[in-house]
Amino acid sequence: MNSIILPPDLERRVDELARRSGKPTEELVRLALMQGIEDIEDAIAAEVVLDRIGKGEEGTETLSNVEARLGLAD
């Protein structure tokens, strides 16, 4: 994919941000896309773990138990 068409309001926001930051619009769009993809990947991974927890295939621990196990408890 070499180009995308943005809705006019989003294009204005990107253009304004580019003007204010002094960065090229292409760089800002690329950065936003990379961050958005990472966020989606993280959300999918979290959903998989939550599903495993719900099925009893994976457990959880309290923060105090983890701190005690790591020697971080007060």
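Report the GluC sites (Glu not before Pro) located in the chain that are in a DSSP loop and have at most 10 other Cβ atoms inside 10 Å of their Cβ, or state none.
Numbers: sites: Glu11, Glu16, Glu26, Glu27, Glu38, Glu41, Glu47, Glu57, Glu58, Glu61, Glu67; in loops: Glu57, Glu58, Glu61.
In loop regions of the chain (DSSP not H, G, I, E or B), the sparsely surrounded GluC sites (Glu not before Pro) are Glu57, Glu61.
Restrict the search to the chain; then list the trypsin sites (Lys or Arg not before Pro) that DSSP places in a loop and that have at most 15 other Cβ atoms within 10 Å of their Cβ. Numbers along the way, then the final one.
Values: sites: Arg12, Arg13, Arg19, Arg20, Arg30, Arg52, Lys55, Arg69; in loops: Lys55.
Within the chain, the qualifying trypsin sites (Lys or Arg not before Pro) (loop, at most 15 other Cβ atoms within 10 Å) are Lys55.
Rounded to the nearest 10 degrees, what's the angle between the helix 8-21 long axis and the longest principal axis of the chain, both from Cα atoms, 0 to 90?
90 degrees
To test your reading of the geometry: what angle, between 0 and 90 degrees and rounded to tens, separates the Cα axis of helix 25-54 from the longest principal axis of the chain?
Tilt relative to the chain: about 20 degrees.
Give me the percent of the accessible area of the chain that comes from carbon and sulfur atoms, probe 1.4 Å, all protein chains in place. It would help to have the intermediate numbers written out before the result.
Values: 3700 of 6650 Å².
Using a 1.4 Å probe with all protein chains present, the chain comes out at 56 percent carbon and sulfur.
Over the chain, give the accessible area per residue in Å² for a 1.4 Å probe, as an integer. Present the calculation step by step, with values, prior to reporting the outcome.
Working: 6650 Å² over 74 residues.
Roughly 90 Å² per residue, with all protein chains present.
The values are calculated or read from the model by the stated rules, or taken from the named source; none is laboratory data. Because the structure is a prediction, the values reported are computed rather than measured. Positions of Cβ are backbone-derived with ideal geometry, glycine not excepted, and every protein chain shown enters the neighbour counts. Note: areas computed on protein heavy atoms with side chains; ligands, DNA, RNA excluded. Shrake-Rupley method; radii C 1.70, N 1.55, O 1.52, S 1.80 Å.
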